[in-house]
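Worksheet: the structure to be examined is printed underneath.
Values quoted throughout were computed directly from the atomic coordinates according to the rules given, and no laboratory measurement underlies them. The shown structure was predicted, so the numbers you read here are calculated from the model rather than taken from an experiment. For neighbour counting, all protein chains shown are included, and Cβ atoms are generated from backbone atoms with ideal geometry for every residue, glycine included.
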Amino acid sequence: MVLLLFGYALYYQRRLRIIKIQSDGAHEVMLVKGRKPQVASKEAKSAEEYEALQSFLRSISSTATLPPYVKGETYSSVRGVFNQCLITCAVLILSVGAGHPIGFSAVALPQLRKENSSMRIDDEMGSWIASVHSAATPLGSILSGPIMEAIGRRKTLQVSTLPLVIGWILIGTASHHAVLLLGRLVCGFAVGILAAPSQVYLGEISEPRLRGLLIGTPFVAYSLGVLYVYALGGALTWRSVAYLSIVLPVLAFIALCFSPESPTWLARRGRFHDAMAAMSRLRGDSDTAQRELHELISAREKEKARGEESIRFLATVLRPPVLKPLLLINAFNILQILSGSYVVIFYAVDIVKDTGGSLDPQVAANASACVRLGVTIVACLLLLKVTRRFLVLVSGIGTAVCTLALAFLLSQGPGTGIAPPFLILGYVAFNTLGFFLLPGLMIGELLPTKVRGLCGGYIFCLFNSVLFGFTKLYPIMKNSMDIAGVFGLFGASAALATVVLFLLLPETKGKSLIQIEQYYQNPNILWLTRKKTASTQNV
């Protein structure tokens, strides 16, 4: 995995063009002897923090002495690209482990329904086993924001491995339905904790031109984790699958011990020298690291000078530059859930069986996991070449067409032949191409630095709350609407999500996080009505 990431990232990085511009002079302004930044009395910095900043600025080069640079863009050396890919792979190991509980219900439910099962279940208990994972995820998500702001992104990811291991032990040793449900709850709690930090962490360690690739790779890992569980479930008992799912979280904890903390988090905590060390490792070049870190510090000082740093969280969220991306992300997340992205994973075997066709349900479910994995890899690579908007619009249109076609086919009678499984696989492919990756991309790119950690946790909390309700209600919906009506709902939701993205989603390919923040500071709401000035025309 690391060699694949490194190869494509290095190939793309070598093609980048560097344009000369003059120094912006911000370094010199912040480092005027005896002159502290102008801030309101209530927001005056402590003497220790001020001295730490001045000491750091004196220890690095002036921006006027650094190599030519395009503002808002950074370029890593070969070593820096390799380090970014290597650290990403440490996160991917944990992300694969997070995919295990997502796909577990699809293989456990058929086994538990068998007459000779020691814990035979009915449809009601089966729906609880499938959905209870998502019931605990919101709690983990809402806690992940404060945790990652307090102890950092990397340490939060490490903390999440403990409940994940405990949850699998409970599942593997369960002798009663209550213990099995408790294990699913604990695993869901762990997945909730790690979801937002993984996207935020990768977004903050990667350079702009590689950010789409690196942020998208956890979804490759999720798909690989689902496929891994599906494959094991076809050959082993669900208890054996639970025990084998412990291995990757443990490996992830060890791998993350050798990864640096996010430079953005370190800089905002006033740990400038630690941030410089982390940035130098990630970029592989001290001059490039100085330039990017200086931009982060400059933005932080301007925020303080405007008196925005001390604004309370709720008041900050209600400000238009934060509220606009927040509403877009939440609106899309709800529509994505209603389009069936995760329900098809949780109930893969049952859905294939209900739609009919000539393929064996277990084979078709495994094929859908393979398609999801392959398309996720392709989508991550396409993010290097095509725009975000193009990819997600193609994904939305393809998803709507496949689901509506399947709904029409099933409304005519039971599915036969290869058409139903073919349309399901087409739905999985198009949905994965953009819809599956976009929530993580938007959290890593659209949210302002100040609230990225906290808002990321709240977004995943709402996401998983809606996901729990929708997953729990799926059997009821299927009985009342029939499977054709369910896929009709999927198609209508996908079509509406496509319209929302066409109107509101900005293009962020190749843009720094600072530039994206500046875009949302403009008064426009619709992408097509954005103000195309020299500073924003490329955002």
| request: Order these peptides, 193-204, 439-450, by their mean beta-carbon neighbour count within 10 angstrom, highest first. | output: 193-204, 439-450
| task | With viscosity set to 0.890 mPa s and temperature to 25 °C, compute the Stokes-Einstein D of region 413-523, Rh being the Kirkwood radius across alpha carbon pairs; µm²/s, no decimals. | result | 145
| request: Using only C-alpha atoms and all pairs of different ones, pull out the Kirkwood radius for region 219-292 in Å with one decimal. | output: 15.3
| field | Cα-based Rg / Dmax (Å) for region 113-263 | value | 16.8, 55
| task | Sort out for me the Cα centre separation of region 355-427 from region 229-263, rounded to whole Å. | result | 27
| In square nanometres, what is one fourth of the surface area of the convex hull spanned by the alpha carbons of region 433-484? | 4.7
| note | Applied in sequence order to region 458-469, the curve 6.51 cos²θ - 1.76 cosθ + 1.60 (Karplus, θ = phi - 60°) yields integer Hz couplings, x standing for Gly and Pro, of 5, 5, 5, 5, 4, 4, 6, 5, 5, 4, 4, x
| remark: note: region 310-365, Cα-Cα separations exceeding 13 Å make up a percent value of 70
| field | Net charge, Val394 excluded, C-beta distance under 14 Å - Lys, Arg +1, Asp, Glu -1 | value | +3
| task | Can you tell me the dipole magnitude for region 73-214 around its Cα centre, using point charges on the Cβ only (Lys, Arg +1; Asp, Glu -1), in Debye to the nearest 20? | result | 320
| task | Subtract the Cα-Cα distance of Leu327 and Ile418 from 0.36 nm times their separation in residues, and report this length gain in nm to one decimal. | result | 28.8 nm
| said: No solvent, one uniform scatterer per C-alpha: report log10 I(q)/I(0) for region 157-237 via the Debye equation at q = 0.19, 0.22 1/Å, two decimals. | reply: -0.93, -1.08
